[in-house]
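Input: a single structure, listed below in structure tokens.
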Amino acid sequence: MTIQRFHLTPRLCDMVIHKDTVYLAGQIVDDGSTTVEAQTRDVLRQIDALLAEAGTSKSNLLTATVYLADIATFPEMNAAWDAWVDKANPPARATVEARLADPSILVEIVVVAGL
């Protein structure tokens, strides 16, 4: 069984590829001083970069889980998401409110994609 791990830290890695599936760790912003919409755009940019590194793209997303610090910001997150998502190939998606690791982080997104 071949498992590839990318961008390892002592605690986790940003991406794992197993067979024909790419698993991304939860992606968050580096700068938490912006709005939910801006943070979402930045996270989606990071996801695009990781998927490209794996040799795939958002067109091959299978699932996405979006964690929001405040569910009232759902429309802001969706504005960025709707501008980004491949409308011909949207993933299955869940969005939940959650207490995130740092109060400045307003959104975290986890995705799984095919190669």
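Only the coordinates and a few stated rules stand behind these numbers; no lab work does. Quick caveat, the model's predicted, so the values are computed rather than measured. FYI the Cβ positions are ideal-geometry reconstructions off the backbone, even for glycines, and counts take in every protein chain you see.
Output the residues belonging to region 71-93 that are surrounded by fewer than 11 Cβ atoms within 10 Å (Cβ to Cβ) and among the aliphatic types (A, V, I, L, M).
ALA72, ALA88, ALA92
With the structure loaded, tell me whether LYS19 is surrounded by fewer than 18 Cβ atoms within 10 Å (Cβ to Cβ) and either within 15 Å of the chain's Cα centre (by Cα) or not polar (S, T, N, Q) (or both) or whether it fails that test. Explain how you work it out, then say what you get.
Values: surrounded by fewer than 18 Cβ atoms within 10 Å (Cβ to Cβ): yes; either within 15 Å of the chain's Cα centre (by Cα) or not polar (S, T, N, Q) (or both): yes.
Against the criterion (surrounded by fewer than 18 Cβ atoms within 10 Å (Cβ to Cβ) and either within 15 Å of the chain's Cα centre (by Cα) or not polar (S, T, N, Q) (or both)), LYS19 qualifies.
Answer with yes or no whether ARG45 is crowded, with 19+ Cβ neighbours inside 10 Å and basic (Lys, Arg). Outline the logic, then answer.
Numbers: crowded, with 19+ Cβ neighbours inside 10 Å: no; basic (Lys, Arg): yes.
Taking the combined requirement at face value, the residue does not satisfy it.
Having 3 or more residues that are more than 20 Å from ALA79 (Cα to Cα) is the bar; report the strands (runs of 3 or more DSSP E) wholly within region 1-68 that clear it.
Working: elements: 3-8, 13-18, 21-24, 61-68.
Per the criteria, 3-8, 13-18, 21-24.
Yes/no per residue for (1) within 18 Å of LEU115 (Cα to Cα); (2) in contact with a strand residue (DSSP E or B) (Cβ under 6 Å, 6 or more places away or on another chain); (3) free of Cβ contacts under 8 Å to residues at least 40 places away in the same chain:
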position	(1), (2), (3)
MET1	yes, no, yes
GLN4	yes, yes, yes
ILE28	no, yes, no
GLU37	no, no, no
ASP42	no, no, yes
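Let's see how each residue does on (1) more than 15 Å from TYR23 (Cα to Cα); (2) touching a residue at least 12 places away in the same chain (Cβ under 8 Å):
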residue	(1), (2)
ARG45	yes, no
GLU53	no, yes
LEU61	no, yes
ALA64	no, yes
MET77	yes, yes
TRP81	yes, yes
ASP86	yes, yes
VAL107	yes, yes
VAL111	no, yes
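Out of everything in region 99-115 that is in a loop (DSSP other than H, G, I, E, B) and charged (D, E, K, R), what residue ends up being surrounded by the most Cβ atoms within 10 Å (Cβ to Cβ)?
The first filter runs over region 99-115 and keeps only residues in a loop (DSSP other than H, G, I, E, B), leaving 99-106, 115.
Now restrict to residues that are charged (D, E, K, R): 99, 102.
On the way: ARG99: 7, ASP102: 10.
Result: ASP102.
All but one of (1) more than 12 Å from the chain's Cα centre (by Cα); (2) closer than 18 Å to ALA113 by Cβ; (3) of a type in the set (Ser, Thr, Tyr) hold for SER33; which doesn't?
For SER33, the failing item is (2).
For region 83-98, what are the residues that are more than 14 Å from the chain's Cα centre (by Cα) and in a helix (DSSP H, G or I)?
Result: ALA83, single match.
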